[in-house]
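The values are calculated or read from the model by the stated rules, or taken from the named source; none is laboratory data. Fair warning: this is a prediction, and the values are worked out from it, not measured in the lab. Ideal geometry is used to build each Cβ from the backbone, glycine not excepted, and the neighbour counts take in all protein chains shown. Protein only, heavy atoms only, side chains kept; ligands, DNA and RNA dropped before computing areas. Shrake-Rupley method; radii C 1.70, N 1.55, O 1.52, S 1.80 Å.
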Amino acid sequence: MLIGNTAERFGFVTKTLHWLTLVLLIGSFTLAVSMVNMPFSPRKLEFYSWHKWVGVTIFLVVLLRLGWRLINPVPQPPQGTPPWQRRLAGWSHAALYAILIVMPVTGWIMSSALNLPVVYLGLIHIPSPFGVDRALGETMKVVHLSLAIALLTLVAVHVLAALYHHFVQRDDVLRRMLPWPARLKGTNAVNWKTQ
Ligand code: HEM
């Protein structure tokens, strides 16, 4: 099994972290939508805790992912990809990473500011340096929600781009990120070190 990335494809670690992020995001959004629509109850509070735990986990997974990315090659876009498309892909990936980091942080500051502290897995209290501050909490709520909308939009565009590569361009871009080992056509064969 290929653990690290190569010039042509993503390895096991990157793929696992990529698809784990998707699973965690689906969990986080499902919990968020359910909990805000629930009447006040112990179950509602439980959902809030789980939502926060998933958020902290996403934050940790993204840090791990970025660390792994730093020490691994990143497969390049297929040969012949116009520079504007390369730039757009780079910016959108950077924006996804940025939102995945900033969103949990805004959630953590919001919770602490509204006096609803984050206790990761019910074990680790993560105190906020800003303390209790209602106005800050309300501002963070707006930022958190706006980021959620931005993230959903970006992910939708990201998925459409992956499908466009697969079904229209018929290249290896989606195939090389699939969770299972997929045979490549060889459309990405560019040495990343020469880029
Ligand atoms: C069905 C859902 C998804 C599909 C089909 C998909 C597909 C892909 C594919 C094909 C790539 C490789 C692009 C390339 O080779 O240049 C990729 C990379 C990436 N994906 Fe996704 N993705 C999905 C969900 C997500 C989600 C939910 C996130 C995060 C919110 C995400 C974040 C990223 C990032 C940041 C990269 C860049 C990896 C890197 O170069 O470091 N993806 N995705």
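Brief remarks on what is shown
- Answer residue from segment 153-172, given it is open to solvent by 50 Å² or more (accessible area, probe 1.4 Å), touching a residue at least 24 places away in the same chain (Cβ under 8 Å) and within 13 Å of Ala95 (Cβ to Cβ) and is nearest to the ligand (Cβ to nearest atom) among those: His158
- Residue match in segment 117-134 (condition: open to solvent by 50 Å² or more (accessible area, probe 1.4 Å) and assigned to a helix (DSSP H, G or I)): yes
- Candidates Gly67, Gly107 - the one that is over 26 Å from Val142 (Cβ atoms), assigned to a helix (DSSP H, G or I), at pLDDT 95 or above and more than 11 Å from the ligand (Cβ to nearest atom): Gly67
- Selection count, segment 104-131, where residues are aromatic (Phe, Trp, Tyr) and touching a Leu at 6+ places or on another chain (Cβ under 9 Å): 1
- For segment 67-92, residues that are of a type outside the set (Gly, Ala, Ser), in contact (Cβ under 8 Å) with a residue 12 or more places away in the chain and surrounded by 12 or more Cβ atoms within 10 Å (Cβ to Cβ) total 9.
- Output for segment 7-42, where each listed residue is assigned to a loop (DSSP other than H, G, I, E, B), within 13 Å of the ligand (Cβ to nearest atom) and open to solvent by less than 40 Å² (accessible area, probe 1.4 Å): Ala7, Phe10, Gly11
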